[in-house]
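A.B. asks: If you scroll down you'll find the structure; I have some questions about it.
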Amino acid sequence: MELHNLKPANGAVKNAKRIGRGEGSKKGGTSTRGHKGAKSRSGYSKKIGFEGGQQPLQRRVPKFGFTNPNRVEYNTVNLDVLQSLYDAKKIKNKVVKDDLIKNGLVQKRDLVKVLARGELKSKLEVTANAFSSKARDIIEKLGGKAIIIDKK
């Protein structure tokens with residue numbers, strides 16, 4: 001057996017239906033599309049969301065709400081998370097955004113806000129885009145610094 005004498009198994013290859021090639025082929029006339037109507041015509045495609053004339057879902061469900069285009073969305077980091085990273089020696093006394101990115105807490109383009117959940121025992125110098133007032137108080141009580149950087 002060589003490449004030039006290979007062929008598919010018997011019955012594996014079938015001839016395609018030759019549609020619209022005259023009445024003698026039994027697939028002429030309407031070309032298997034039935035009589036009249038949009039589906040019988042060339043170029044037909046139903047609209048996205050069309051439900052056979054029934055009122056489509058996107059028109060049955062009411063519109064509501066408002067999305068503020070000027071909303072500033074922060075990715076949050078809590079004090080207990082910072083303490084656990086410090087205990088695991090994954091961050092030093094100075095915490096910057098790069099440290100949080102390396103530990104998978106925020107993405108590169110995220111704005112970071114530090115919140116006050118949990119307990120902080122270490123003196124840290126934390127740099128972020130925003131702080132809750134309680135988090136800032138806790139950090140500064142322990143002798144650390146809460147440094148705000150501008151929103152880039």
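The values are calculated or read from the model by the stated rules, or taken from the named source; none is laboratory data. Everything quoted here is computed from the prediction, not taken from an experiment. FYI the Cβ positions are ideal-geometry reconstructions off the backbone, even for glycines, and counts take in every protein chain you see.
A.B. asks: Only residues that are closer than 27 Å to residue 70 by Cβ and surrounded by fewer than 18 Cβ atoms within 10 Å (Cβ to Cβ): list them for segment 118-152, please.
C.D. replies: Selection gives 132, 133, 134, 147, 148, 149, 150, 151, 152.
A.B. asks: Continuing with this model, one more query. Taking the conditions exactly as written (closer than 23 Å to residue 150 by Cα and polar (S, T, N, Q)), does residue 75 satisfy them or not?
C.D. replies: Judged against the criteria, residue 75 is a match.
A.B. asks: How do the pairs read when you match residues in segment 19-48 that are in a loop (DSSP other than H, G, I, E, B) and surrounded by 10 or more Cβ atoms within 10 Å (Cβ to Cβ) with residues anywhere that are hydroxyl-bearing (Ser, Thr, Tyr) and modelled with pLDDT of 90 or more, using Cβ under 6 Å and keeping only pairs 6 or more apart or on different chains?
C.D. replies: Pairs found: 19/31; 19/32; 20/31; 33/40.
A.B. asks: Still on this structure: Whether any residue in segment 75-87 is over 30 Å from residue 30 (Cβ atoms), loosely packed, with under 13 Cβ neighbours inside 10 Å and modelled with pLDDT under 95 is what I want to check.
C.D. replies: yes
A.B. asks: Which of the residues that make up segment 60-80 are among the hydrophobic types (A, V, I, L, M, F, W, C) and farther than 30 Å from residue 128 by Cβ?
C.D. replies: 61, 64
A.B. asks: In this structure, does residue 112 turn out to be in contact with a Leu (Cβ under 8 Å, 6 or more places away or on another chain) and at pLDDT 95 or above?
C.D. replies: yes
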